[in-house]
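Every number here is computed from the coordinates shown, using simple stated rules; none is lab data. Just so you know, these numbers come straight off a predicted model, no measurement behind them. Cβ coordinates were reconstructed from backbone atoms using ideal geometry, including for glycine residues, and neighbour counts include every protein chain displayed.
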Amino acid sequence: MGVGKSTLGKKIAKRLDLPFIDSDKEIEAIHGKSIGEIFGVYGELRFREMEKKFLDSLCVKDKFVLATGGGMPCYGNMMRKLNTLGQTFYLKRSPKEILHRLINAKKKRPLIEGLSEDDLLLFIENKLEERRDYYKRSLFILEREEQSVEQFEKIIRLLQTPQKS
C-alpha cells in the first residue's frame, strides 16, 4: 500500500503501449462496491477469493501491466500464479517513506483511517514483515532508486531480446 504500484504501472503501460489493469479497481467494478465495503460486508477471506477469481480470469488475456493490491501475493498460491502470468516486480520502499506517502496521499484508505502517525508506522512495519517472504518471491526486487519507467522498460526489453546460444 502506498508504494506507487498504480502510478508507476500506468506510466509503464503507456510507455510500452499495453493495457493497464488495477486489480482493486477491477474487483470494485465487478462487484459494485469499494474494497472497504467488500471487506466490511463479506470479510477478508471472501475478498481474497474474489482476487483469486479475478487473477484466474487474466490467464486468457494478452500482454498487460497489472497493479495488484498489497495482500494479493500473500494468499493461496497467488504469488506463484502471478509469476506464471509474467514478470513480477516488488517495489521495495522503507516503512518511513511509505508512511510519508500515505499521509500525503489524496486517496484515503479505509484500512488505515483514524490511525495516529505512530500507529500507522507500526502497521506498515508489521505488514511489511508479514508479507516480506511473499514479496521476495517476485522475479525482480527493485530498490527505490531503481523504480523508474526507464528502468522497467530496460528490464522488459532485455527480457524480450532473444538470447544467443
**Fill in**
Taking every other residue with Cβ under 11 Å from the Cβ of I98 and scoring Lys and Arg +1, Asp and Glu -1, one gets +4
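From the mean inverse distance of alpha carbon pairs (Kirkwood) and the Cα radius of gyration, derive Rg over Rh for the chain. Present the calculation step by step, with values, prior to reporting the outcome.
Values: Rg = 16.3 Å, Rh = 17.0 Å.
Dividing the radius of gyration by the Kirkwood radius yields 0.96.
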**Message:** Can you find, among L115, L45, Y90, the residue sitting farthest towards the positive end of the charge dipole of the chain, where Lys and Arg contribute +1 and Asp and Glu -1 at Cβ?
**Reply:** Y90
**Item:** Loop-located GluC sites (Glu not before Pro) in segment 91-141 whose Cβ has at most 16 other Cβ within 10 Å (DSSP)
**Value:** E113
**Item:** All lysines inside 20 Å of K81 as judged from Cα atoms, apart from same-chain residues fewer than 8 positions distant
**Value:** K5, K25, K52, K53, K61, K63, K136
**Request:** Sort V41, V65 so that the residue with the fewest other Cβ atoms within 10 Å of its own Cβ comes first and the one with the most comes last.
**Result:** V41, V65
**Residue order, fewest to most beta carbons within 10 Å, for M1, M79, M72** = M1, M79, M72
**Message:** Explain nothing, just the number: relative contact order of segment 5-156, from Cα pairs under 8 Å at least 6 residues apart, as a whole percent.
**Reply:** 31 percent
**Message:** If each residue of separation counts as 0.36 nm, what is the full-extension length gain between S94 and N126 once their alpha-carbon separation is subtracted?
**Reply:** 10.3 nm
**Complete:** Computed, not fitted: 222 nm per-residue ellipticity of the chain from DSSP H runs ≥ 4 (each -39500 (n - 2.57)), nearest 500, equal to -17000 deg cm²/dmol
**Asked** Say we join alpha carbon atoms closer than 10 Å with springs in a Gaussian network model of the chain; which of S23, S138, S116 then has the biggest fluctuation?
**Response** S116
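Quick one: putting +1 on the C-beta of Lys and Arg, -1 on the C-beta of Asp and Glu, what dipole do you get for segment 1-130 around its Cα centre, in Debye to the nearest 20? If you can, show how the numbers build up before the last one.
Details: 24 positive and 19 negative charges, 126 e Å.
Dipole of segment 1-130, to the nearest 20 debye: 600 debye.
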**Message:** I'd like the Karplus ³J(HN,Hα) series for segment 64-74: coefficients 6.51, -1.76, 1.60, θ = phi - 60°, whole numbers in Hz, and an x wherever there's a Gly or Pro.
**Reply:** 6, 10, 10, 10, 9, x, x, x, 3, x, 9
**Candidates L91, L115, L139, ranked by Gaussian network fluctuation over the chain, Cα under 10 Å, top entry** = L115
**Asked** trypsin sites (Lys or Arg not before Pro), restricted to segment 81-151: which are DSSP loop and have at most 12 other Cβ atoms within 10 Å?
**Response** K106, K107, K108, K136
